[in-house]
Amino acid sequence: MRVAMIGTGYVGLVSGACFADFGHEVTCVDKDTGKIAALGRGEVPIYEPGLTAMVAANARAGRLKFTGDLAAAVKNADAVFIAVGTPSRRGDGHADLSFVYDAAREIAAALDGFTVVITKSTVPVGTGDEVERIVREARPDADVAVVSNPEFLREGAAIRDFKHPDRIVIGTVDERARELMRELYRPLYLNRAPILFTERRTAELTKYAANAFLATKITFINEIADLAEKVGADVQEIARGIGLDNRIGEKFLHAGPGYGGSCFPKDTVALLKTGQDYDAPLRVVEAVVAVNDARKRAMARKVSAALGGELRGKTVAVLGLTFKPNTDDMREAPSIPLITALQDMGAAVRAYDPEGMQQAKAHVSNVTFCDDAYACAQGASALVIVTEWEQFRALDFERLKAAMARPLLVDLRNIYAPEEVRRAGFAYESVGRGKK
Ligand SMILES: NC(=O)c1ccc[n+]([C@@H]2O[C@H](COP(=O)([O-])OP(=O)(O)OC[C@H]3O[C@@H](n4cnc5c(N)ncnc54)[C@H](O)[C@@H]3O)[C@@H](O)[C@H]2O)c1
């Protein structure tokens, strides 16, 4: 099957490479000419484990191509995916759909023969209706079906998630489109990944409901962590105690600095706007957004409190900048408001991240970027773990102690056992684990 993937970002590139790996002929399109040129040279512009090798293998086999020429890619395609960004609209938090609608207009002009146009971007309920209206108005003659197929992959584990999804959600009642989508995903279907066929609006809302639920789970355990800290209980044990209950489940119960990333923050806010527009306010999600926002600066206060309430003239070392490990994505990373707040309180900030420093430079200023964790710790009065990269899980405490002005570890991801750190001669603060 011939596929055109419009938008070659985290989702478009991973999806395109995986579809090519299934044996489909995929053309990835992007209007960012620098990105297309880099991909043409075999350079993958994002960090995602396994992606460079998969892109190279499929490009070599002639199944994966890159172009800026949307019209040619669409003309030849049986399936056209829209995988462009849907960021928060400045000012009101609604999803900015201008990239989706621009893509729809360009696609419409190039349609040739029966084509299924599939929205993979996360888009509010009713966007598929608007995409269909745009296409039919521009091309009343076109033989087209517009489908919603939200993507649930996680950055850092994107290939695995795409190839072994918990489910595939496909929103369309058009029988020809359903048949084509079944064919496209057949390799996964054979692996027994459940395919859920729904109406288009249901598929669109399913994506937002999933993200809002996960954000709620994280925020819930974060609030329990705050309480646990005050009453001398351990949130890690509580998370295990509730997570083993099958009705709750263990995932997304890790207390930390609050959720960030390219999806949860914008998708929760966009869902609230949809709720308001339809007079169905989502009060639980409203609270989640507010609690998570407040948490960002609270983490800086935690560091300050661990240093006796005074950060002026002190250096803080931050380990991990990306919103989670195994990605270079800095969008809405909790490290950004943390660093800004630490600087507001008078601290000098040093930082190290294995993959995210280049992107981080666009989000924070006056930070000394370092080559590794030990260089980062140099002269610091506190070492703060913000992102739980594997390489931070077995730090050499003797080396750190020698480098630091004062041995204090603030572990915002609870990756260390308190006794272990204290035995190494460090003062230790974590999230939601009352002093033991
Ligand atoms: N990143 C994730 O983990 C993730 C997971 C699930 C769903 N999503 C959703 O998928 C969508 C894409 O997210 P992303 O993180 O891949 O975004 P991204 O910003 O990494 O990539 C979007 C790409 O689309 C390109 N683009 C925009 N308009 C275009 C046009 N008219 N023609 C060609 N290219 C165009 C941009 O140049 C950019 O390269 C969003 O709606 C997001 O919410 C993302």
query = If you take the residues in the stretch 1-16 that are within 13 Å of the ligand (Cβ to nearest atom) and in a loop (DSSP other than H, G, I, E, B), which one is surrounded by the fewest Cβ atoms within 10 Å (Cβ to Cβ)?
reply = Gly9
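Would you be able to say whether some residue in the stretch 52-60 is within 15 Å of the ligand (Cβ to nearest atom), buried (at least 16 other Cβ atoms within 10 Å of the Cβ) and either farther than 28 Å from Ala210 by Cα or not small (Gly, Ala, Ser) (or both)?
So the first thing to find is which residues in the stretch 52-60 are within 15 Å of the ligand (Cβ to nearest atom), and the list is 55.
Now restrict to residues that are buried (at least 16 other Cβ atoms within 10 Å of the Cβ): 55.
From the residues that got through so far, the ones that are either farther than 28 Å from Ala210 by Cα or not small (Gly, Ala, Ser) (or both) too are 55.
Checked against the condition, which is being within 15 Å of the ligand (Cβ to nearest atom), buried (at least 16 other Cβ atoms within 10 Å of the Cβ) and either farther than 28 Å from Ala210 by Cα or not small (Gly, Ala, Ser) (or both), the stretch 52-60 yields at least one hit.
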query = Restricting attention to the stretch 264-289, and to residues there that are within 16 Å of the ligand (Cβ to nearest atom) and β-branched (Val, Ile, Thr), which single residue is surrounded by the most Cβ atoms within 10 Å (Cβ to Cβ)?
reply = Thr268
task = Among the numbered conditions (1) buried (at least 23 other Cβ atoms within 10 Å of the Cβ); (2) over 21 Å from Leu70 (Cα atoms); (3) not hydroxyl-bearing (Ser, Thr, Tyr), tell me where Phe152 comes up short.
result = (1)
query = Quick one: would you say Leu400 is touching a helix residue (DSSP H, G or I) at 6+ places or on another chain (Cβ under 8 Å) and under 27 Å from Leu253 (Cβ atoms)?
reply = no
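Output the strands (runs of 3 or more DSSP E) that fall wholly within the stretch 121-219 and possess 2 or more residues being touching a Ser or Thr at 6+ places or on another chain (Cβ under 9 Å) and more than 16 Å from the ligand (Cβ to nearest atom), or say none. Even if it seems obvious, please write down each step before you answer.
On the way: elements: 144-148, 168-171, 195-198.
It comes to 144-148, 195-198.
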ask   = In the stretch 61-74, how many are within 15 Å of the ligand (Cβ to nearest atom) and not hydrophobic (A, V, I, L, M, F, W, C)?
value = 4
message = Exactly one condition in (1) under 21 Å from the mean Cα position of the chain (by Cα); (2) surrounded by 24 or more Cβ atoms within 10 Å (Cβ to Cβ); (3) within 11 Å of the ligand (Cβ to nearest atom) is false for Phe19; which is it?
response = (3)
message = With the structure loaded, tell me whether Ala375 is among the small types (Gly, Ala, Ser), under 25 Å from the mean Cα position of the chain (by Cα) and part of a helix (DSSP H, G or I) or whether it fails that test.
response = no
query = Filter the stretch 150-200 for residues that are out of contact with any Asp or Glu (no Cβ under 9 Å at 6 or more places or on another chain) and polar (S, T, N, Q); which is farthest from Trp389 (Cα to Cα)?
reply = Thr198
note = Scanning the stretch 75-103 residue by residue, the ones that are crowded, with 24+ Cβ neighbours inside 10 Å, more than 9 Å from the ligand (Cβ to nearest atom) and part of a helix (DSSP H, G or I) total 0
query = So Leu39 fits all but one of (1) surrounded by 17 or more Cβ atoms within 10 Å (Cβ to Cβ); (2) within 9 Å of the ligand (Cβ to nearest atom); what number is the exception?
reply = (2)
Residue pairs meeting the criteria (Cβ under 6 Å; at least 6 apart or on separate chains; first closer than 16 Å to Ala72 by Cβ, in the stretch 2-21; second among the acidic types (Asp, Glu)) = Arg2/Glu25; Arg2/Asp78; Thr8/Asp30
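No value in this document is a laboratory result; all are computed from the given coordinates. Computed from a prediction, not measured in an experiment: that's the story for all the values here. Here Cβ is always computed from backbone atoms with ideal geometry, including for glycine, and neighbour counts include all displayed protein chains.
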